[in-house]
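Novice: One structure is given below, represented as C-alpha cells, and several questions about it will come after.
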Amino acid sequence: MSINHTSVPGAGGARDPNNMRAALGKNAMGLAVWATLLLMVLFGWLRYDNFLGAYNIFSFFQYNAIFAAISLGMCFVIVTGGIDLSVGGAAALASVLAAMASPYGVMPGIIVGVGAGMCVGVLNAYCVVQMRIAPFIATLATALASTGTALLISNNQSVGVSYETLFIEFGQGDWFGMPIPAVLVGVLFVGGWLVLSRLPLGRRILAVGGGEDASRLMGVRTDRIIFGVYIFSGVMAGLAGAILAAQFGAGQPTEGTGWELFAIAAVVVGGTLLTGGEGSVVATLGGVLLLGLLFNMLNFENGKGWISLSAYWQSVIRGGFLLVFIVVQAKIAQGREAAKHL
Amino acid sequence: MSMIEMTGICKAYGGVPALSDVRLSLEPGRAMALIGQNGAGKSTLIRILTGATGRDSGQVVMDGQDVDFASPYEALESGISTIYQEINLIPQRTVAENIFLGREPTRLGMIAYKTMNARAAQALAEFGVDIDVSRPLGDFNAATRQMVAIARAVQLESKVVIFDESSSSLDRREVEFLFSAMRKLKAKGVAIIFVSHKLDKLYAVCDDVTIMRDGRTVGEHVLSELSKKQLVEIMLGKTFDAFTRSARTEAPRETAARLRAKDMQTNSGLASVNLHVAAGEILGLAGLLGSGRTETAHALFGADKLTHGSIEIQQKPVAFDRPADAIVAGIGLCSEDRKVDGIVPDMSVAENLTLALLPSLTHWGIVDTKRRDEIADVFIEKLNIKVASRTQKISQLSGGNQQKVLLARWLAMNLSILIVDEPTRGIDVGAKAEILSVIKDLAAEGLGVLLISSEMEEVVAVADRVTVLWDGQTIADLSGPQITEDNILSTIASGDAILDHAEGAA
C-alpha cells in the first residue's frame, strides 16, 4: 500500500492490538470516573447509616440537579474551546427574578429565570463572537455585572417566592418518586448526549473546538456554533437559578459564587479537555456526581461526630481529592499515548 | 462558457495593494495552473474566490451569475471547495468525520456512522489509501491527511476544486494518485485550480496556466504552448539561470577538516556516518528521505546523543550534551521547519535576527537596543533581506526573506560551521537562487557549510563535495567533477550493493 507510513504502525482494523489498547485507554478515562463513583458509593454504604436511604438519595439528586444543569452548559462551551465564568452570577440573577415572577405562576417563574440566564448568555455570545473579546474576560465581566444586578434588584436580601402558586413544587416536588429538577435535568442530559454524540450538529461543535479556522474553511459556520453554546450555557444557568429559587423558597442573590468553578471542575474531571475539541456529556454527568457525592460524604462524616470538619476543611479536602484524581487521570492519558506509539 | 470569470479584482491590506486588476478564468473540465512567486498574490486571490477574504473591487461571475461569497460556507454551498496548503482538518476527529463534516449521512436525523465510515473508506480507496477511517485523523502522517483532505473535496461533488500546494507533502506514488483523481474530476466536468511551485507537476496535469507577479495577472496561456523556461521567465520577469553549476573560482583555502565525524551511531537511526567539512567548504548531504540526513544534523548539533563514534572540531574530540554546547563550539543549525523551530512570528525582524545573540547584547538585564539595531542593519544589508524596516514583523515577510533572517541569526553568532537543513523548502524559485548564492558567499568568506537538501539540483549547484547517505551510513564521498545529478542518483540506487560489498570485504 502506498500510504501506510502512519505514526501508528499497522493502522489496521479494530482487531489491531495497538488499536485496542488505545481504545481501552480512552475508555479508561471515562471508566475511572464511574469506577471511583462505584467505590465511593460502596464505601459510603458500608460506613454510614442511611447513606443509601430514600431521603439521602432524593435530596442528593434534588440538590445536585442545579449543578448538573450548569455543568451541562459549561461542557458545551468548553468543548468549543471557550469558557463561561458567568454561570454563577447568571444563576443568582435568575433566581432573584424567578422568585419575583413566581406570584404569576409556575411557568412565568421558570420562563423569567431561564430568560434572565439567556440574556446573560446572549451578552456573552455577542462579546465573544462579535466583539472578539477573549471568553475568559468577557464572561468574567458579565459574571460581575449579573451578580451586581442581582444584588441591586434584591437589595442584598433573599427574595421570597410566592407560596400561592405551585412554584416551590417545581423545586421540591417529585415525579414518580424522583425529584422534578433531577428528572428535568436528566432529560436535558439525554438530549445533550444525543446532540454531541449522535447528531451532525455535535460534530460541528467538536470541530470548532478542534480548530476554529480549519472548521470555518471546511464550511462550518463557526460563529453560529459559538454563539449557540454561550446562549445554551446561559439558558442552563437560568434554569439552575429557577430551580434554586424554587428549592429554597427564595431568590438568592448571594448564591452562585464559585459555581462556575464547580462546573469547570465537573467537566474536567469527566475528561473533557479545556483546550476544546474533545469531551462528552456522559463523562460530565460522571464528574457532577463525583463532586456531589464527595460533598455528601463529607457531610455524613461530620454527622458521625468523630471529627468535625469545618467548611474550610471540607474545601481543602475537596480540592485535594480533585488534584489527586486529575493527576491519576493524566497518568492514564499518558499511558494511552504510550500505547499509541508502541 | 466559463465556469468562473474573475475580472478587475483589487484588494489592499492596510493601504498596501496585494492584488490590482487581477483576472482569472476557469473552464469546466480543465485544470488551471496558478503560478507566481511567493507574495505574487495567489493565496489572496484564492481566499477571495473561496469567501475567506473580501475583495475591494472587481467582479466574480460563476455560471453566468455575479457572486460575492461572504464566507467559506457560502462558497462551499455554491460548489467551490479548497484543499489548503496548511492542511485544514480537525486532528481530534476521525478520518470519516473529517471527510463528511457538515454533510454527515444521517438516519432519522442521527449520524449513520456505519454508512459514513463505509463511504469514507471507499472514497479513500479511490486514492489507494487503506486506513481505519474510525481513528482520529491526528494519528496519521501529513501525506495521509492530505489525501483525506482531497477525498473530502471529491466527496463534496464540487464544481470547482482548488488545490493549494496540495502535492507538497506527497511522495511520488501519492502524487500519481492525486493526479489520477484530478483527471477523474476533469472528466466529470469539474474546473480545477492547481497552485504549485513544482513546475514539472503542473505540466503533468494542467491544461492552462495563469501567471501572477506583484499582485497582477501577467500571463494567461495554454500550458502546452509554453516551455518551462518561458514560464519561469514570465513569472520572474527576468531571464534566469539559477541552477546551473558555476565552477568555484577559488578552492577552499584550508584543507584540514574543521569538523569531522567518525562512525557516528545514534538511536535515531544512524548506523555509521562519516563526514568532514573544511573551512570555506560547502559539503552537500545527499540521500533519500529516511537515509539519515536530518538525523546527522541533529547528532552533530548535540540534539541526539551518539551511541558510538566521535565528533572532532579542529582535530580535538568534542562531546555535546545539548545544542547549547554545540553553539558554544561554533556550530549552528538552521532547521528544516521554519515555522515550528525558527521564527517568532509576532516579533520584529531585528528581534528575530538577534534572538540567539541576546545574552551578549544584554547588560544588567537590559537589552542594548542600539547595538541590536546596528547588527540587524548590517545583516539586512549583507544578505539583501527585503524589509520595510527592521521593526517590521517577521511574519509579514516572504518565506525567502524569513529564511534569510534565520541564516543571519546564526551568522551573527560568529560560527565556524553552519548546518542548513532544507533551506529552500516552500520558497519560490527566484528566492531559492538567492538563498543559495548567499550560502555560497558565506562559504567564500570562510564558513564551513553542511547543506542538506532533497532538491538534488541545489546540492549539485553549490556543493564542493557531496557525502551520500544510505540507510544511516555514509556510502560515498564525491567531489569536483564527480558531482552530477546522475552520479549521485546512481550512487544512491546502488546503495545496497555498496554496503554488501563493504561487509564482504570486512
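The values are calculated or read from the model by the stated rules, or taken from the named source; none is laboratory data. Predicted model, so just to flag it, every value in this text is computed and none were measured. Here the Cβ is made from the backbone with ideal geometry for all residues, glycine too, and neighbour counts use every protein chain on show.
Novice: Check B:SER490 against each of (1) within 21 Å of B:ARG260 (Cα to Cα); (2) not in a strand (DSSP E or B) and name the one condition it does not meet.
Specialist: All conditions are met except number (1).
Novice: Which ones in region B:205-215 are closer than 18 Å to B:VAL429 by Cβ and surrounded by fewer than 18 Cβ atoms within 10 Å (Cβ to Cβ)?
Specialist: If the condition is that a residue be closer than 18 Å to B:VAL429 by Cβ and surrounded by fewer than 18 Cβ atoms within 10 Å (Cβ to Cβ), then B:ASP214 is the only one that fits.
Novice: Here is a check on your reading of the model: is A:ILE243 within 14 Å of another protein chain (Cβ to nearest Cβ), hydrophobic (A, V, I, L, M, F, W, C) and in a helix (DSSP H, G or I)?
Specialist: When the stated conditions are applied, A:ILE243 does not pass them.
Novice: Being in a helix (DSSP H, G or I) and either closer than 20 Å to A:ASP49 by Cα or more than 14 Å from chain B (Cβ to nearest Cβ) (or both) is the requirement here; does A:SER315 meet it?
Specialist: Criteria met by A:SER315.
Novice: Additional query: Scan the strands (runs of 3 or more DSSP E) fully inside region B:423-482 and keep the ones with 1 or more residues being under 19 Å from the mean Cα position of the chain (by Cα) and not β-branched (Val, Ile, Thr).
Specialist: Qualifying strands (runs of 3 or more DSSP E): B:448-452.
Novice: What residue, of A:GLY249, A:GLY209, A:GLY234, A:GLY256, is at pLDDT 90 or above, closer than 24 Å to A:PRO179 by Cα, small (Gly, Ala, Ser) and surrounded by 24 or more Cβ atoms within 10 Å (Cβ to Cβ)?
Specialist: Checking each option against the conditions leaves just A:GLY234.
Novice: Got a number for residues in region B:60-79 being facing chain A (nearest Cβ under 10 Å) and either β-branched (Val, Ile, Thr) or surrounded by fewer than 16 Cβ atoms within 10 Å (Cβ to Cβ) (or both)?
Specialist: Total satisfying the criteria: 1.
Novice: In this structure, is B:VAL460 more than 30 Å from B:ARG213 (Cα to Cα) and hydrophobic (A, V, I, L, M, F, W, C)?
Specialist: no
Novice: Can you find a residue in region A:208-227 that is more than 10 Å from chain B (Cβ to nearest Cβ) and not in a helix (DSSP H, G or I)?
Specialist: no
Novice: Shifting gears a bit: Looking at this structure, is B:THR44 under 27 Å from B:LYS11 (Cβ atoms) and either within 11 Å of chain A (Cβ to nearest Cβ) or at pLDDT below 90 (or both)?
Specialist: yes
Novice: Determine, yes or no, whether A:SER158 is touching a strand residue (DSSP E or B) at 6+ places or on another chain (Cβ under 9 Å), within 26 Å of A:GLY105 (Cβ to Cβ), surrounded by fewer than 21 Cβ atoms within 10 Å (Cβ to Cβ) and among the small types (Gly, Ala, Ser).
Specialist: yes
Novice: If A:SER71 satisfies every condition in (1) at pLDDT 95 or above; (2) more than 15 Å from A:GLY271 (Cα to Cα) but one, which is the exception?
Specialist: Evaluating A:SER71 over (1) at pLDDT 95 or above; (2) more than 15 Å from A:GLY271 (Cα to Cα) leaves (2) as the failure.
Novice: Within region A:263-282, does at least one residue satisfy the condition of being modelled with pLDDT under 90, assigned to a helix (DSSP H, G or I), farther than 25 Å from A:VAL161 by Cα and more than 14 Å from every other protein chain (Cβ to nearest Cβ)?
Specialist: Scanning region A:263-282, I find at least one residue that is modelled with pLDDT under 90, assigned to a helix (DSSP H, G or I), farther than 25 Å from A:VAL161 by Cα and more than 14 Å from every other protein chain (Cβ to nearest Cβ), so the answer is yes.
Novice: Follow-up question, since we're still on this one. With respect to B:ILE366, determine if the residue is in contact (Cβ under 8 Å) with a residue 60 or more places away in the chain and on the phi < 0 side of the Ramachandran plot.
Specialist: Against the criterion (in contact (Cβ under 8 Å) with a residue 60 or more places away in the chain and on the phi < 0 side of the Ramachandran plot), B:ILE366 does not qualify.
Novice: Moving on. Can you tell me which residue is nearest to B:GLY430 (Cα to Cα) among those in region B:375-418 that are hydroxyl-bearing (Ser, Thr, Tyr) and in contact with a strand residue (DSSP E or B) (Cβ under 8 Å, 6 or more places away or on another chain)?
Specialist: B:THR391
Novice: Quick one: which residue in B:ALA431, B:ALA408 is in the same structural domain as B:PHE379 (by TED's automatic domain parsing) and touching a Phe, Trp or Tyr at 6+ places or on another chain (Cβ under 7 Å)?
Specialist: Just a single option satisfies the conditions, and that option is B:ALA408.
Novice: Before we move on, is B:ASP486 surrounded by fewer than 12 Cβ atoms within 10 Å (Cβ to Cβ) and at pLDDT below 85?
Specialist: yes
Novice: Hey, another quick one. So for region B:94-101 (the condition being in contact with a Leu (Cβ under 8 Å, 6 or more places away or on another chain), within 8 Å of chain A (Cβ to nearest Cβ) and among the β-branched types (Val, Ile, Thr)), does at least one residue qualify?
Specialist: The answer is no; no qualifying residue exists.
Novice: Going by the conditions given, is B:ASP139 within 9 Å of chain A (Cβ to nearest Cβ), closer than 18 Å to A:ALA207 by Cβ, free of Cβ contacts under 8 Å to residues at least 12 places away in the same chain and not polar (S, T, N, Q)?
Specialist: yes
Novice: Now for a different question. It is to be established whether one or more residues within region B:12-27 are of a type in the set (Asp, Glu), in a loop (DSSP other than H, G, I, E, B), touching a residue at least 60 places away in the same chain (Cβ under 8 Å) and in contact with an Asp or Glu (Cβ under 8 Å, 6 or more places away or on another chain).
Specialist: Checked against the condition, which is being of a type in the set (Asp, Glu), in a loop (DSSP other than H, G, I, E, B), touching a residue at least 60 places away in the same chain (Cβ under 8 Å) and in contact with an Asp or Glu (Cβ under 8 Å, 6 or more places away or on another chain), region B:12-27 yields at least one hit.
Novice: What's the number of the only condition in (1) at pLDDT below 90; (2) under 25 Å from B:THR217 (Cβ atoms) that B:VAL61 fails to meet?
Specialist: (1)
Novice: For B:ALA31, state whether it is farther than 30 Å from A:THR222 by Cα and of a type in the set (A, V, I, L, M, F, W, C).
Specialist: The answer is yes for B:ALA31.
Novice: Which helices (runs of 4 or more DSSP H) sit wholly inside region B:97-200 and have at least 1 residues that are under 24 Å from the mean Cα position of the chain (by Cα) and farther than 30 Å from B:MET3 by Cα?
Specialist: Hits in region B:97-200: B:142-155, B:172-187.
Novice: Which of the following residues is over 19 Å from the mean Cα position of the chain (by Cα) and either over 30 Å from A:GLY177 (Cα atoms) or not hydrophobic (A, V, I, L, M, F, W, C) (or both): A:ALA54, A:ALA125, A:ALA99, A:ALA141?
Specialist: Residue meeting the stated conditions: A:ALA141.
Novice: Do we find that A:MET74 is part of a helix (DSSP H, G or I) and over 22 Å from the mean Cα position of the chain (by Cα) in this structure?
Specialist: In short, no.
Novice: With (1) buried (at least 21 other Cβ atoms within 10 Å of the Cβ); (2) more than 10 Å from chain A (Cβ to nearest Cβ) as the list, and B:LYS188 as the residue in question, which single condition is left unmet?
Specialist: Result: B:LYS188 fails condition (1) only.
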